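Peer 1: Structure incoming, see below.
Just so it is clear, none of the values below were taken in a lab; they were calculated from the coordinates. Predicted model, so just to flag it, every value in this text is computed and none were measured. Reconstructed Cβ throughout: ideal geometry from the backbone, glycine too, with neighbour counts over all protein chains shown.
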Amino acid sequence: MRRSRFILTLSVLVCSVSLYAGTPVYKDAGAPVEQRVEDLLQRMTLREKILQISQGFIGTNDNPNNVMDNFKNFPPETGSLIYYSNTSELGNMLQKEAVEGTRLGIPILFGYDAIHGFITEFPIPLAQAASFNPELAARANEICAGECYDAGVHWTFSPMVDIARDPRWGRVMEGYGEDPYLASRFAEAVVKAYQGDDPSQPGRILSCLKHYVGYGASEAGRDYTAVDISRQTLWDTYLPPFKAGVEAGALTLMGAFNTLNGIPASANHYTLTDVLKEKWNFEGFVVSDWGSVEQLVNQRAAADLKEAAEKSINAGMDMDMCDNVFIDNLEELVQEGKVSVATIDEAVRRVLRVKFRSGLFENPYRDVKDADSVVSEQKFALAQELAQESMVLLKNDGVLPLSADSDIALIGPIAEDKDIVLGGWRSHSDSKHSVSIREALEGEFPGGRILYSEGCDVAGSGTDNENPYGHIRDEAHDYDYSHAVRTARKSDVVVLCLGEGKFWTGENKTRASISLPDDQIALFDKLCKLGKKVVVVVEAGRPLDLTPIESRASAILYIWSPGHRGGPAVAGILSGRYNPSGRLPMTFPYGIGQVPIYYNHRASCRYSPWGDYIDGTPMAPLYDFGYGLSYSTFKYSEITLDGLTAKVSVTNTSDRDGKETVLWFVSDPSCSIARPVKELKYFEKKLIKAGETVEFVFNMDKVRDLGYVDPEGNEFFEGGAFIISAGDESLNFEMY
Ligand code: BGC
């Protein structure tokens, strides 16, 4: 405490001297960041400060002749702009206005949603989670950072680390699924991939953990709804990935839209200040989500916009995204004594700190590069590797891999698609760079024949594949499937590519049904009747209800939205050139009636773990979290435990090399605050060559892995009995 007061006094002293000496400390790249911040802060007027904690956007009209119109709404002193262009040309023009045309020359921070790529499109984050390979995902996100950097985007609104347990919610595609540990590992990896060790280095950008917090618990998957979760569940489930991301160095967070137990996340002192800034010592800043400050009025938490501004900034919101509520109201609120200058200073300080740390003052412009010039085969090769690792083989009766000389009837609306596969929340990716499944299969099976038929539209005859609403509830159309049937008859095997339409997942893309469209199921039915083996490839941004096809399909490969190189990844798996290794990051329900369903629920008071349905719906889900098949077979040894070190040896008993992910779960049968039935505590993915045995080790920490958290976030270890499991093996032990 005393030390920080001393540093502050020293900074003010240094700054005051420099104010008069005419060499602003804040412009001195060699001066410590905190001194630069204080120096700049004391030079700013209240108006400049308020603009600095406001964010605008550059609209779709980026015609250079009209671009300066933007400053009518958001002057060049504005702290940040959402930047929609794919090259730095426009940004450089705006930046020049800020750096050279304003009194203090503070550069603008350009932000953008680069969620799973910028020009090169990688699999969606939910798919990345299915790879259980955060290191590989990190390499993809480093590429994304580099492409953003080149385009003058300094800051991506990613990673999204909202835990999602309801596949009806459209935004499940943006996050890492239902498990807090899995999401935490990805949060860390992706933050580091964007920011590196030093975000001011070329090719690095700022990350933003979002949406803080609880957004994923939207009721029944309806976007933007109120959220009620207990403090216990908040600490058990929703906060851990944010904590992990902050510890990994994330310099920004985005507030969530939802109210959390009656208090909007954008005005929630407990989460924004008590937890984030005080308990976790977060030094960066929090930006609101688009319009979420003005929406406090809709949420009945503020009487008008002025009160919304007051509540939000006083709770700890540092930057206001796009709704002008800070710009329009803070000056008056200061005059009225409802918001203190010290509160505004603290928000400005955080924004400036991040700007200095990211090197923006020293490096405000970017060389202009043409978007097409940044793509490369090397980047696409990584996109393919990640797509391969993320695809999940859900069923295989032995039909896969297909023999090299197969005559394949390739059928279905996704087979030739180059656009849907890019997924929701895509960036500036162009489908001209995609390789379709059809193109890839033709190259993959030169010895066989690929016979193609579209079968049906993705969303049904004559409907718009961008708009899923309405028709998917209709009866199947009277579609003419005869071409598809004739094509199938001429083949050895059918590969049927089904899935969701374009933008059926993402923000505000809630579905009441999570089925495949009726026409696609009707097509499947027709083909099954031919008595051929039907391999179903499913493209989707969420878990779908696969029960209508599960029992009759010979194989099911779930490919998510795989990005530019989804086609070759599918082809490689079907031919056996690549051995599938993805695992489910979300539980797949046995029908919509089971939703929400997730593996790490608390125990029932009766023994049946899933409760009972009297209408015949099974109690267990269709596929568990962590489920996924390989072409190899793996045998686990018994688990051994030495102190806190658990080991298991895994043997590849097949004649094919394959990657295996060992998931270590812990259960605590009795605890002061009941723990979920089991919790993932560690995972590791390794290549195991045919016939070889590889040892997997999990070094436990008592508090982290065997302990529990209370509703205030305090962590405890309580000695007693525990169970650890990996694969089908489990071990009961006691620890004190
Ligand atoms: C979304 C955010 C996104 C922001 C900026 C909002 O509507 O909820 O996730 O980052 O827009 O595009």
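Peer 1: So if each residue of separation counts as 0.36 nm, and I subtract the Cα-Cα distance between Met619 and Ala220, what length gain in nm does that give? Could you put the intermediate results ahead of the total?
Peer 2: Working: separation 399, 0.36 × 399 = 143.64 nm, distance 1.96 nm.
Extending this stretch completely gives an extra 141.7 nm.
Peer 1: Of the peptides 195-203, 619-627, 74-82, how do they stack up when ordered by the mean number of other Cβ atoms within 10 Å, highest first? Walk me through the intermediate numbers first.
Peer 2: Working: 195-203: 14.8, 619-627: 18.1, 74-82: 23.8.
Highest mean packing first, the order is 74-82, 619-627, 195-203.
Peer 1: Label-point separation (nm) for Arg552 and Asn73, each offset 7 Å from Cα along Cα-to-Cβ?
Peer 2: A separation of 5.1 nm, rounded to one decimal place.
Peer 1: Over all directions, average the projected area of the Cα convex hull of segment 472-580 and note it in nm².
Peer 2: Details: hull surface 31.0 nm².
Answer in nm², one decimal: 7.7.
Peer 1: Taking the highest mean first, how do the peptides 539-547, 656-664 order by number of other beta carbon atoms within 10 angstrom per residue? Don't jump to the answer; show the numbers that get you there.
Peer 2: Working: 539-547: 24.8, 656-664: 19.9.
The densest-packed peptide leads the list: 539-547, 656-664.
Peer 1: Report the calculated FRET efficiency for Glu336 and Ser373 (r = Cβ-Cβ distance, R0 = 45 Å), to the nearest 0.05. Present the calculation step by step, with values, prior to reporting the outcome.
Peer 2: Details: r = 53 Å, r/R0 = 1.19.
The calculated FRET efficiency here is 0.25.
Peer 1: At a Cα cut-off below 20 Å, give the lysines reachable from Lys635, other chains included and same-chain residues fewer than 8 away excluded.
Peer 2: Within reach: Lys395, Lys647, Lys659, Lys685, Lys686, Lys689.
Peer 1: In whole angstrom, how far apart do the alpha carbon centroids of segment 566-623 and segment 279-321 sit?
Peer 2: With segment 566-623 and segment 279-321 each reduced to a Cα centre, they are spaced 37 Å.
Peer 1: Tally Lys and Arg at +1 and Asp and Glu at -1 over the other residues with C-beta under 11 Å from the C-beta of Leu206: what net charge comes out? Walk me through the numbers before you get to the answer.
Peer 2: On the way: positive: Arg204, Lys355, Arg357; negative: none.
Surrounding charge for Leu206 is +3.
Peer 1: Here's another thing I want to ask about it. Can you give me the Kirkwood hydrodynamic radius for segment 328-470, using every pair of distinct Cα atoms, in Å to one decimal?
Peer 2: By the Kirkwood definition, the hydrodynamic radius is 21.2 Å.
Peer 1: Extent of segment 679-724 along each principal axis, from alpha carbon coordinates, in Å, largest to smallest?
Peer 2: For segment 679-724, the Cα spread along each principal axis is 48, 21, 14 Å.
Peer 1: 7 Å from Cα along Cα→Cβ at both Arg577 and Thr651: what's the point-to-point distance in nm?
Peer 2: 3.3 nm
Peer 1: Once both labels are modelled 7 Å past Cα along the beta-carbon direction, what's the Asp228-Ser200 spacing in nm?
Peer 2: My value for the distance between the label points is 4.9 nm.
Peer 1: Restricting the count to DSSP beta bridges whose residues both fall in the chain, what percent are antiparallel, rounded to a multiple of 5?
Peer 2: Details: 44 of 84 bridges.
Of all bridge pairs located within the chain, approximately 50 percent are antiparallel.
Peer 1: In nm, what is the difference between 0.36 nm times the number of residues separating Asp701 and Phe733 and their Cα-Cα distance? List each step's numbers first, then the result.
Peer 2: Numbers: separation 32, 0.36 × 32 = 11.52 nm, distance 1.47 nm.
Computed gain between Asp701 and Phe733 is 10.1 nm.
Peer 1: Can I ask one more? Given that compact globular proteins tend to follow 2.2 N^0.38 Å, what is the ratio of the alpha-carbon Rg of the chain to that value?
Peer 2: Values: Rg = 26.8 Å, N = 736, 2.2 N^0.38 = 27.0 Å.
Ratio of Cα Rg to 2.2 N^0.38 Å: 0.99.
Peer 1: Would you mind putting 129-135, 302-308 in packing order, based on average other-beta-carbon counts within 10 Å, highest first?
Peer 2: 129-135, 302-308
Peer 1: Around Pro180, with a cut-off of 9 angstrom between Cβ atoms, what is the net charge of the other residues, counting Lys and Arg +1 and Asp and Glu -1?
Peer 2: Working: positive: none; negative: Glu178, Asp179, Asp236, Glu679.
Once all neighbours under 9 Å are counted, the net charge is -4.
Peer 1: Projected area of segment 173-289, taken from the Cα convex hull and averaged over every viewing direction, in nm²? Present the calculation step by step, with values, prior to reporting the outcome.
Peer 2: On the way: hull surface 28.0 nm².
Its Cα hull, projected and averaged over all orientations, spans 7.0 nm².
Peer 1: Students often get this wrong: which residues of segment 217-232 have the backbone nitrogen under 16 Å from the point 7 angstrom along Cα-to-C-beta of Ala512?
Peer 2: Flagged as within label range: 220-223.
Peer 1: Full extension from Ser637 to Lys686: what is 0.36 nm times the residue separation minus their Cα-Cα distance, to one decimal in nm? Intermediate values should be presented prior to the final figure.
Peer 2: Working: separation 49, 0.36 × 49 = 17.64 nm, distance 1.59 nm.
Stretched out fully, the Ser637 to Lys686 stretch lengthens by 16.1 nm.
Peer 1: Set the Förster radius R0 to 30 Å, insert the Cβ-Cβ distance between Met93 and Gln42 as r into 1/(1 + (r/R0)^6), and round the FRET efficiency to 0.05. Don't skip to the end; give the middle numbers.
Peer 2: Values: r = 30 Å, r/R0 = 1.00.
Once rounded, the FRET efficiency stands at 0.50.
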